[in-house]
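The values are calculated or read from the model by the stated rules, or taken from the named source; none is laboratory data. Since we're looking at a predicted model, the values are computed, not measured. Here the Cβ positions follow ideal geometry from the backbone for every residue, glycine too, while neighbour counts run over all protein chains shown.
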Amino acid sequence: MQSSPKKPQNNSFLVGIVLLLCICFLIITDEFLPAKKAEPSPQDTITAEAVATFSPAPSATPVPTPVPTPTPKPLVQEAPPEDPYPELYGDNVTGEFAPPEEKTVYLTFDDGPSDVTESLLDALKQEEVRATFFVMGDVSKKKEILNRMLYDGHTIGVHTYTHDYRYVYWNQEAYLADFCRQYYSIWDATGYRPRIFRFPGGSVNSYNAHLYRDLISEMSRRGFVYYDWNVTSEDAAGVEHPEEQLQELLTQSEKKPRIIALLHDTKKNPYIAETVTQYIRTMKEAGYQFKALDSSVEPVRFPYFK
């Protein structure tokens, strides 16, 4: 029996070598060649777009604000503005007054001098009473009357020059200009420098409601003293008959220890001398004395909100 031919033994060995080389090639290729990027899935694409849509935009880099270089202050401070009225000063810059005297009446007359001033001065002289006159207007032609006031011991005060409420209470500059005009008018006529004054309409009224605090402060700073009143004959409010004026004075004076009485020295009040005479005599019988105001007398003033 004839035997089959034998297969060469090295065939299996060669096959093994080839397989081994293939495996090594694949390993080397995967290690050194760049990996292929994976294609994004539709879901990944939608998520990326959503993030890009709703993510806040990056804020701009803030630019620092430059700090201004401070201006050095001068070594010598600027001088205050020059006073336009360097001589317009009274004598009571401290605002201090003498102790008040009870049972005292201070008669005051506004708006003069007038055609009835001389008869009023005669009545006051006869009763030996000194009073206070707050004068207004050009007094250059009435020097004799003003000098008689001073000679008889009366006090002269400023009541502004124009007595025009709308003008004098327009602003502080207008008031000072008008006041100064009257101040110099009195000074030129008599050589006397007034130290007291009365605001037209009183220190607080409907015309100066916006201004009275500033005016009071400025005039007090200058050393002037202003006086309101607590008794009046109402002669400026339509009471013309002398008996009615007298009754107003007496009624309002009841139970007042100190009285600053307001009357008006005008030609519209022709019987003022008789009214004042009767008032003086009645009040003297009640134990009152009469004096003229000066800057040491404690004022009567209208209340106001500071």
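Here are a few things to note about the model shown:
- Residue that is at pLDDT 95 or above, assigned to a helix (DSSP H, G or I) and in contact with a Pro (Cβ under 7 Å, 6 or more places away or on another chain), where the choices are 186, 216: 186
- Residue match in the range 170-179 (condition: over 20 Å from the mean Cα position of the chain (by Cα), within 17 Å of residue 262 (Cβ to Cβ) and either of a type in the set (Lys, Arg) or modelled with pLDDT of 95 or more (or both)): no
- Those residues of the range 161-184 which are out of contact with any Phe, Trp or Tyr (no Cβ under 6 Å at 6 or more places or on another chain) and more than 23 Å from residue 82 (Cα to Cα), in sequence order: 161, 162, 163, 164, 166, 167
- Boolean, residue 151 is of a type in the set (Ser, Thr, Tyr) and either under 32 Å from the mean Cα position of the chain (by Cα) or more than 25 Å from residue 256 (Cβ to Cβ) (or both): yes
- Identity of the residue in the range 170-183, part of a helix (DSSP H, G or I) and polar (S, T, N, Q), that ends up farthest from residue 107 (Cα to Cα): 172
- Selection count, the range 204-220, where residues are within 12 Å of the chain's Cα centre (by Cα) and not charged (D, E, K, R): 7
- Verdict on residue 289 being over 27 Å from residue 223 (Cβ atoms) and in contact with a strand residue (DSSP E or B) (Cβ under 6 Å, 6 or more places away or on another chain): yes
- Residues satisfying the criterion are absent from the range 248-259 (criterion: farther than 27 Å from residue 123 by Cα and assigned to a helix (DSSP H, G or I)).
- Any hit, the range 161-169, residues being in contact with a His (Cβ under 9 Å, 6 or more places away or on another chain), within 20 Å of residue 214 (Cα to Cα) and in a loop (DSSP other than H, G, I, E, B): yes
- Checked against the criterion of being assigned to a helix (DSSP H, G or I), buried (at least 16 other Cβ atoms within 10 Å of the Cβ), out of contact with any Cys (no Cβ under 6 Å at 6 or more places or on another chain) and at negative phi, the candidates 282, 266, 275 yield just one match: 275.
- Of all residues in the range 247-263, those satisfying the criterion of being in contact with a helix residue (DSSP H, G or I) (Cβ under 8 Å, 6 or more places away or on another chain) and surrounded by fewer than 20 Cβ atoms within 10 Å (Cβ to Cβ) are 250, 253.
- Number of positions in the range 138-182 that are surrounded by 16 or more Cβ atoms within 10 Å (Cβ to Cβ) and on the phi > 0 side of the Ramachandran plot: 2
- Pick from the range 91-127, criterion assigned to a loop (DSSP other than H, G, I, E, B) and of a type in the set (A, V, I, L, M), ranking: surrounded by the fewest Cβ atoms within 10 Å (Cβ to Cβ): 98
- Meets criteria (within 22 Å of residue 221 (Cα to Cα), touching a Leu at 6+ places or on another chain (Cβ under 9 Å) and either surrounded by 10 or more Cβ atoms within 10 Å (Cβ to Cβ) or at pLDDT 95 or above (or both)) for residue 88: yes
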